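The values are calculated or read from the model by the stated rules, or taken from the named source; none is laboratory data. Predicted model, so just to flag it, every value in this text is computed and none were measured. We place every Cβ from the backbone using ideal geometry, glycine too, and count neighbours over all the protein chains shown. Please note that ligands, DNA and RNA were not included when accessible areas were found on the heavy atoms of the full protein model with its side chains. Shrake-Rupley method; radii C 1.70, N 1.55, O 1.52, S 1.80 Å.
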Amino acid sequence: MTTIKPALEASTRAAIAARTQALFRRSGALREGHFLLKSGRHGDAYVEKFAVLSDPAATSELCGFWAGRHRADDGSPRVDIVAGPTTGGVILAFETGRQLGVRAIFAEEARDGDGSTHREFRRGFRIEPGERVLLVDDILTTGGSLLAMIPAVEAMGGEIVECAVLVDRSGGRPTLTSPTTGRVYSLQALWQLDLPTYEPGPETCPRCADGTQLHAPGSTGTGA
């Protein structure tokens, strides 16, 4: 069994990755051009997550992969809360929580007095000490959104079971480390997507070098 089970798990992961990729491509979420990414780096391809998240059936199917992973054999949830960062993480947390039958909450970005930012739970959202928390998000590039959420969960005494993303663009990062406690948490992605990113400037970014118009997709705008 020690050889069969890992093989089955690898086969299941491959099937999930293929299905995730198919849903993203079907929705037109994978776009080509010259993009300013949230990390500040440039890319010649961009994944528009809301092209997928605007499709309730696709979103439900993707969240179902997470729900199945965190459901016991008797159908009971292995987590108490699903939490995500604004904005895409709100949709994902809600649908995953709905399928598991647990609460779903989200963390918003707040600005500190020195101009830096952090994530916090507002609107009366609570995590009781010892509650098991599944963190979910859409696209992982640097992991900044999830890393900013971890201290907010830890401060309330929540126990993070896993960090889960739809698409990992980081190159296969396996864990996230809390910036406040140093605790290490497992990171799982439905689909690993290797798209190169570049430091801005004609010396490092080929699209800057050839003069292709830069676009800042999503909520940051449509062009730059």
Is at least one residue of region 9-30 touching a Ser or Thr at 6+ places or on another chain (Cβ under 6 Å), closer than 17 Å to Cys163 by Cβ and at pLDDT 95 or above? no
From the list Pro129, Pro56, pick out the single residue that is open to solvent by 40 Å² or more (accessible area, probe 1.4 Å), without any contact (Cβ under 8 Å) to a residue 12 or more places away in the chain and over 13 Å from the mean Cα position of the chain (by Cα). Pro56
With respect to Ala15, determine if the residue is free of Cβ contacts under 8 Å to residues at least 12 places away in the same chain and open to solvent by 30 Å² or more (accessible area, probe 1.4 Å). yes
How many residues are in contact (Cβ under 8 Å) with a residue 40 or more places away in the chain and either small (Gly, Ala, Ser) or open to solvent by 10 Å² or more (accessible area, probe 1.4 Å) (or both) if we restrict to region 74-119? 9
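Residues checked against (1) over 19 Å from His215 (Cβ atoms); (2) touching a Gly at 6+ places or on another chain (Cβ under 6 Å); (3) of a type in the set (Lys, Arg):
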position	(1), (2), (3)
Leu23	yes, no, no
Ala45	no, no, no
Cys63	yes, no, no
Gly88	no, no, no
Leu92	yes, yes, no
Please name all residue pairs, on different chains or six or more residues apart, with Cβ atoms under 8 Å, provided the first residue is in region 33-45 and is at negative phi and open to solvent by less than 20 Å² (accessible area, probe 1.4 Å) and the second residue is assigned to a loop (DSSP other than H, G, I, E, B) and among the hydroxyl-bearing types (Ser, Thr, Tyr). His34/Thr212; Leu37/Thr141
Taking the criterion of being under 15 Å from the mean Cα position of the chain (by Cα), open to solvent by less than 40 Å² (accessible area, probe 1.4 Å) and not aromatic (Phe, Trp, Tyr), would at least one residue in region 196-218 satisfy it? no
Would you point out the residue of region 140-184, among those that are polar (S, T, N, Q) and assigned to a loop (DSSP other than H, G, I, E, B), that is most open to solvent (accessible area, probe 1.4 Å)? Thr180
Any pair with Cβ under 8 angstrom, 6 or more apart, that starts in region 134-155 at a residue that is in contact (Cβ under 8 Å) with a residue 60 or more places away in the chain and ends at one that is among the aromatic types (Phe, Trp, Tyr) and not in a strand (DSSP E or B): Leu134/Trp66; Val136/Trp66
